[in-house]
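Visitor: One structure is given below, represented as structure tokens, and several questions about it will come after.
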Amino acid sequence: MNISILGTGNVGRRLGQLLAAKGHRITFGSRLQNGESMVDLSFADTVTTYSEAVIVSDIVVIATPWAGDITLNMLRTVNKFEGKIVVDCTNPLAPDYMSNLIGHTTSAAEEIAKIVAPAQVVKAFNTIFAEVMEDGKQNFSDQMATGFYCGNDAEAKAIVCQLISDAGFDPVDAGSLKNARYLEPMAQLNIQIAYSMNGGTDVAFRYMRRPQTSLMPS
Ligand SMILES: NC(=O)c1ccc[n+]([C@@H]2O[C@H](COP(=O)([O-])OP(=O)(O)OC[C@H]3O[C@@H](n4cnc5c(N)ncnc54)[C@H](OP(=O)(O)O)[C@@H]3O)[C@@H](O)[C@H]2O)c1
């Protein structure tokens, strides 16, 4: 698939590498400081502006910072999302990362959805530390790290579910986009344990269910 990733930081670069290794064609959208990307993205097909990157792919992954409205302002500037599937990896972190700026009544994913409408937004990868997005680090002994995702469109979710698998994670459907209000605080919990308690970032959530468990009401 053709996938554009907006942001060439810890998440964008590593996710791009995992997906490129599975045969996906990766285009990066970047601020292109000094006219070029500041990091080695040789595995990608193209590195271009945010606007151009959104045009060339049907799937657009957002991997930019939240604080200071960086992500929202970038999306308002680009705004060519009709017909796209938007994969939101962001977390609405304060500048020091140690709290979330929004929650309970909305989420980063829902705020992004308002801007990119009618594009379908699927929240994914936000509960996984970038360190675990490196090749070979998705597994902990025989346990695969969980990749929670949520969204409102079944077709878009099925595609993102496959991308989560391709990246080496175990996808778990977390329901509608509104549930991003719960996935984003999970990421904050991960940060609290990693940084406030020195737990480190080579850690991941694992959602366990018994084989006979059904998600449908009986
Ligand atoms: N790090 C993690 O473990 C992790 C895990 C899951 C989710 N997330 C979330 O994913 C998003 C990206 O995280 P990250 O760790 O990849 O961040 P990062 O390393 O700081 O990279 C963010 C990228 O966003 C782009 N960007 C655009 N405007 C920017 C600005 N004004 N200031 C700084 N960067 C700007 C930059 O790419 P260009 O220079 O190419 O424009 C930058 O490399 C965040 O919302 C974060 O909360 C992070």
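Visitor: Here is a list: T106, T46. Which entry is more than 11 Å from the ligand (Cβ to nearest atom), closer than 21 Å to N10 by Cβ and either surrounded by 13 or more Cβ atoms within 10 Å (Cβ to Cβ) or among the polar types (S, T, N, Q) (or both)?
Guide: Result: T46 is the single residue among T106, T46 that is more than 11 Å from the ligand (Cβ to nearest atom), closer than 21 Å to N10 by Cβ and either surrounded by 13 or more Cβ atoms within 10 Å (Cβ to Cβ) or among the polar types (S, T, N, Q) (or both).
Visitor: Across the range 141-185, what is the number of residues that are among the hydroxyl-bearing types (S, T, Y) and part of a helix (DSSP H, G or I)?
Guide: Looking only at that region, the number is 2.
Visitor: Just to be sure before I move on: is F140 surrounded by 22 or more Cβ atoms within 10 Å (Cβ to Cβ), over 11 Å from A180 (Cα atoms) and aromatic (F, W, Y) in the structure I sent?
Guide: When the stated conditions are applied, F140 does not pass them.
Visitor: Which ones in the range 121-139 are touching a Leu at 6+ places or on another chain (Cβ under 9 Å), away from the ligand (no atom under 12 Å from the Cβ) and more than 19 Å from W66 (Cβ to Cβ)?
Guide: D135, Q138
Visitor: Hey, another quick one. Condition test on V172, is it closer than 18 Å to N91 by Cβ and either in contact with a Gly (Cβ under 8 Å, 6 or more places away or on another chain) or away from the ligand (no atom under 15 Å from the Cβ) (or both)?
Guide: yes
Visitor: Taking the options S57, S51, name whichever one is of a type in the set (S, T, N, Q), over 21 Å from I102 (Cβ atoms) and touching a residue at least 40 places away in the same chain (Cβ under 8 Å).
Guide: S57
Visitor: Does I26 qualify as being within 11 Å of the ligand (Cβ to nearest atom) and at pLDDT 95 or above?
Guide: Spelling it out, it is not the case that I26 is within 11 Å of the ligand (Cβ to nearest atom) and at pLDDT 95 or above.
Visitor: Return the residue satisfying two criteria in turn: it lies in the range 1-23 and is in contact with a Phe, Trp or Tyr (Cβ under 6 Å, 6 or more places away or on another chain) and under 20 Å from Q162 (Cα atoms), and of such residues it is farthest from the ligand (Cβ to nearest atom).
Guide: The selected residue is A20.
Visitor: Report yes if T106 is among the β-branched types (V, I, T), free of Cβ contacts under 8 Å to residues at least 40 places away in the same chain, within 22 Å of Y182 (Cα to Cα) and in a loop (DSSP other than H, G, I, E, B), otherwise no.
Guide: For T106, the condition - among the β-branched types (V, I, T), free of Cβ contacts under 8 Å to residues at least 40 places away in the same chain, within 22 Å of Y182 (Cα to Cα) and in a loop (DSSP other than H, G, I, E, B) - is not met.
Visitor: What number of residues within the range 21-43 satisfy the criterion of being part of a loop (DSSP other than H, G, I, E, B) and surrounded by 11 or more Cβ atoms within 10 Å (Cβ to Cβ)?
Guide: The total comes to 9.
Visitor: Filtering the range 109-136 down to residues that are crowded, with 17+ Cβ neighbours inside 10 Å and among the small types (G, A, S), which residue is nearest to T201 (Cα to Cα)?
Guide: So, considering only residues that are crowded, with 17+ Cβ neighbours inside 10 Å and among the small types (G, A, S), the one nearest to T201 (Cα to Cα) is A130.
Visitor: Would you say A94 is in contact (Cβ under 8 Å) with a residue 60 or more places away in the chain and touching a helix residue (DSSP H, G or I) at 6+ places or on another chain (Cβ under 8 Å)?
Guide: no
Visitor: If you go through the range 49-90, how many residues are away from the ligand (no atom under 15 Å from the Cβ) and either in a strand (DSSP E or B) or of a type in the set (F, W, Y) (or both)?
Guide: Number of matching residues: 3.
The values are calculated or read from the model by the stated rules, or taken from the named source; none is laboratory data. Bear in mind that the values here come from a model prediction, so they are computed numbers and not experimental data. Positions of Cβ are generated from backbone atoms using ideal geometry, with glycine treated the same way; all protein chains shown enter the neighbour counts.
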